[in-house]
Amino acid sequence: MGRDEPASLIGVDWGSSSLRAWLIGAGGAVLARSESAAGVATIADGRFLDAFEALCGEWLLREPTLPVIACGMVGSRDGWREAGRVRTPAGLDALAQRLAAFDDLAGRPFRVVPGLVARGEIDSPDLMRGGETQVFGALRGRDGMFVLPGTHCRWVEVRDRRIVAFRTYMTGEIYSLMCRRSTLARMCGDPDDSPDHQAEALRAFDEGVDHAGAQPGSLTHLLFTARTEALLGGLAAHQVPAYLSGLLIGTEVRDASSWSSRDLVPTVVARTGLSARYARAMHRLGLRGRVADGDSAAAGLAAIARAAALL
């Protein structure tokens, strides 16, 4: 395991497209980690237990009764079983008190963190599963604004160590649809590892961010410019996806900067590629920001487990 601390918990972040797990010690340290592409959307015939045991089988063989705490889409209507939701404002204690027990499904102590629901500015509900755990893992002070990129990106406001509001953007999903299913799909190519292609793709991303920042209300028009630029030679195939990414992330950052509180510096919580893109877009649009550890879900799961006396 690499540490002398005994294993006390398995933490699981089970999203739509991936499954990540950590072996966690009594003090909250990560002793080992594992990952697979067995996201909730890929599970056929309800074989969630098989996917979980395939990923964590080695740990479970050593300690079959090790408790598990999970977050994410595993507790959604499309997951293993619905885990319910907590209304904002909500802190660690509120989440710990509403953990759902999946013990009968997993054959061992298995708790799932509830999702969160908030009311937006137009009085429509906003939902989140998994992001709340990342936020509490990344939280270092009492207040903060956290940016959680992914298929659906969320900007989450924390006050007095409670999540008080959040706003969701379908940025990642729209990007995927545009690159794979739209009329632009056949124009999209990936840059190779050559410095020239990488630099050209980065310039296209910056151009997309700048255009979105200058015309934040014109996204549907700006998306069409990706087609015209590709047709007329302004963008090479390896630049089109980067330009689209810049348009979408730039539009999101511009809108979120007007929604979010100015006194809170945004912290991006994501894996390296996405966090770098968001940080770059923020910088170009004049928004201060910083990047946190993309594995903050493990720390958040440990904190919630401790509040629930599981750890």
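Quick rundown of the values:
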{"read-out": "Hey, Ala230 within 30 Å of Arg159 (Cα to Cα), part of a helix (DSSP H, G or I) and in contact (Cβ under 8 Å) with a residue 24 or more places away in the chain or not", "value": "no"}
{"read-out": "The listed residue being at pLDDT 95 or above and in contact with a helix residue (DSSP H, G or I) (Cβ under 7 Å, 6 or more places away or on another chain), out of Leu105, Leu99", "value": "Leu105"}
{"read-out": "The stretch 85-114, residues that are more than 18 Å from Val68 (Cβ to Cβ), charged (D, E, K, R) and within 21 Å of the chain's Cα centre (by Cα)", "value": "Arg85, Arg87"}
{"read-out": "In the stretch 273-311, residue nearest to Gly141 (Cα to Cα) [restricted to those that are part of a helix (DSSP H, G or I) and of a type in the set (Lys, Arg)]", "value": "Arg306"}
{"read-out": "Some residue of the stretch 226-238 being under 24 Å from the mean Cα position of the chain (by Cα) and not aromatic (Phe, Trp, Tyr)", "value": "no"}
{"read-out": "Checking Glu132 against (1) crowded, with 22+ Cβ neighbours inside 10 Å; (2) acidic (Asp, Glu); (3) within 20 Å of Ser258 (Cβ to Cβ), the condition it does not meet", "value": "(3)"}
{"read-out": "Condition broken by Gly246, with the remaining ones in (1) under 20 Å from Ser182 (Cα atoms); (2) free of Cβ contacts under 8 Å to residues at least 40 places away in the same chain; (3) assigned to a helix (DSSP H, G or I); (4) not aliphatic (A, V, I, L, M) satisfied", "value": "(2)"}
{"read-out": "Set Pro241, Pro216: member being surrounded by fewer than 19 Cβ atoms within 10 Å (Cβ to Cβ) and in contact with a helix residue (DSSP H, G or I) (Cβ under 6 Å, 6 or more places away or on another chain)", "value": "Pro216"}
{"read-out": "Selection status of Thr88, crowded, with 18+ Cβ neighbours inside 10 Å and polar (S, T, N, Q)", "value": "yes"}
{"read-out": "Pairs where the first residue, in the stretch 35-52, is within 16 Å of Asp78 (Cβ to Cβ) and in the same structural domain as Leu105 (by TED's automatic domain parsing) and the second is acidic (Asp, Glu) and assigned to a loop (DSSP other than H, G, I, E, B), C-beta under 7 Å, 6+ apart", "value": "Val40/Asp78"}
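The values are calculated or read from the model by the stated rules, or taken from the named source; none is laboratory data. Since this is a predicted model, take the numbers as computed values, not measurements. All Cβ positions, even for glycine, are placed from backbone atoms using ideal geometry, and neighbour counts span all protein chains on display.
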